[in-house]
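The values are calculated or read from the model by the stated rules, or taken from the named source; none is laboratory data. Quick caveat, the model's predicted, so the values are computed rather than measured. Methodologically, a virtual Cβ is constructed for each residue, glycine included, from the backbone with ideal geometry; neighbour enumeration extends over all protein chains shown. Quick note on the areas: whole protein, heavy atoms, side chains included, nothing else; ligands and nucleic acids left out. Shrake-Rupley method; radii C 1.70, N 1.55, O 1.52, S 1.80 Å.
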Amino acid sequence: MRRTPLTLALATALVVALPASSAPPAGPETQVWIDVATHSMAGMPDMGMLGGLAGKMMGGGKGPQGYPQSRNIPATQGHVLDIAMHNRLKPGVPAEQAVPAGLGVGKSLSLLPPPPGKDVEERKEHEMHDIEVTIRQYWGCGATVRPGQPKVMTLKVRNGQFQQDGSIAPGLFVPDRDIDVNPSYALWPNLKNNKRVGERSSMVGQHRITGDGVPASLQFELGQNADFLPKIALQTRGELTDSIGLSWQPVDRAKAYFLNAIAMQDERNFTVWSSAEVPGAGHELVNYLTGSYIDKWLKQKVLLPPGTTTCAIPQGIFKTTAKGGEQGGFASLNMIAYGPETNLTWPPKPTDPKQPWDPEWNVRVRTKATTVAMLGMDFGDMGGMPADEGNGDGKRDPEKKEEGGAKKLLRGLMRNF
């Protein structure tokens, strides 16, 4: 989608700044971080051309192009795997990770350092235009809007001067536990080894990492808690003017759930919503969380308990406000199921605190499942898409039924692809 000053202003208002890249954390000389994700697009698996086109547009057609792939919302469907190793004894030296046959990628994966180069894009100067955008913030599952909602904030830029009217609840702090890679790491996937793990791939079994300077003891066994979570089978019901019903099957091993959505109602009005019982929770939560944060936010009702299988978006909060030829009526939903985290250290920490302990290595494995849904769209009938909407004379055939929103979206995508 084309970036506009309005989009940039919205991003500035909603995105939570993360800490800058830093040196590898203190700990054992050799550390391994493995991120295991399962991603899906609600309604997409059986949609033929639309599902394939969406996957291709999001980068899924070529498979992994480099580390990382699983952070936030992955750009491809199915199982997604990231591995990073930092070995202070021999930083940036390639290594080989022997993996179980069930992973389906051969006997081993090659961990390689990233190519030298710039880690971030150069910041470009953008011309400041006069803009105005209003953001409405809702929260909580339920068919009707609750008292005290929404919180409303309007951002204006006039002649280069910034003005804010009203406010929305600030986003929650989520600790940055991702790896800020540099050439001292060995990574998979990488530009030379970018195999895709398959739908039936499993992490369960023996793993061993070898290489110059890698401790000979670096072998470990992963159990089901470190395996890929099942896909989230999310179903949505209702138009943007309705209370949108959300339901899903319980995700095995999920410790909690969280959903958030954003709607562009026209070029100046946006609405954000989350399943949390408190305001402020947003897209920053759609990532791996530690067990302590999951437990804390379950108690505070920021996250939904693992036994939850339904939620509802309040009626009408996403309905379009567009008039005339203005663009509007777009809404998308993100959902995450938080999985277990596995931490392994060798040798294990002694039970006697007086006994010296100098671990050689540690391995952290994080798991999650995510899905994306386009709200207010009917994906029920995707068959029989004619090449011409009319009857050959430039006029609409009155006997043809109105195409659903999904078909219109596909046609729009194909015109600009």
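Sorted on the mean count of surrounding Cβ atoms within 10 Å across their residues, most packed first, peptides 261-272, 141-152, 289-300, 364-375 read 364-375, 261-272, 289-300, 141-152.
Residue ranges 275-287, 195-207 sort as 275-287, 195-207 when ordered by packing (mean number of other C-beta atoms within 10 Å per residue, highest first). With the cut-off at under 11 Å, measuring from each backbone N in the stretch 85-103 to a point 7 Å along the Cα-to-Cβ line of Thr210 picks out 96-98. Rg over Rh for the stretch 94-246 works out to 1.13, using Cα positions for both radii and the Kirkwood form for Rh.
Taking every Cα-Cα distance in the stretch 252-292 and sorting them into 5 Å bins starting at zero, the pair-distance distribution P(r) comes out as 5, 18, 25, 20, 15, 7, 5, 3, 0 percent. In this rough spin-label picture, where each label sits 7 Å from Cα along the Cβ direction, the Ser332-Asn225 distance is 3.4 nm.
Sorting the segments 331-337, 166-172 by their mean number of nearby beta carbons within 10 angstrom, highest to lowest, gives 331-337, 166-172. Pairs to check: Lys90/Lys231; Lys231/Lys301; Lys156/Lys368. Give those whose C-alpha atoms are more than 30 Å from each other in this structure. In this structure, Lys90/Lys231; Lys156/Lys368 lie more than 30 Å apart at Cα. Taking the stretch 127-222, which chymotrypsin sites (Phe, Trp or Tyr not before Pro) meet the DSSP loop condition and have no more than 11 other C-beta atoms within 10 Å? Answer in residue order: Phe173. To put it simply, the accessible area of the stretch 175-268 at a 1.4 Å probe is 45 percent carbon and sulfur.
Between Trp357 and Ala98, the modelled label-to-label distance comes to 2.8 nm, taking each label 7 Å out from Cα in the direction of the beta carbon. Available extension along the chain between Gln164 and Lys349 is 61.4 nm, counting 0.36 nm per residue and deducting the alpha carbon span.
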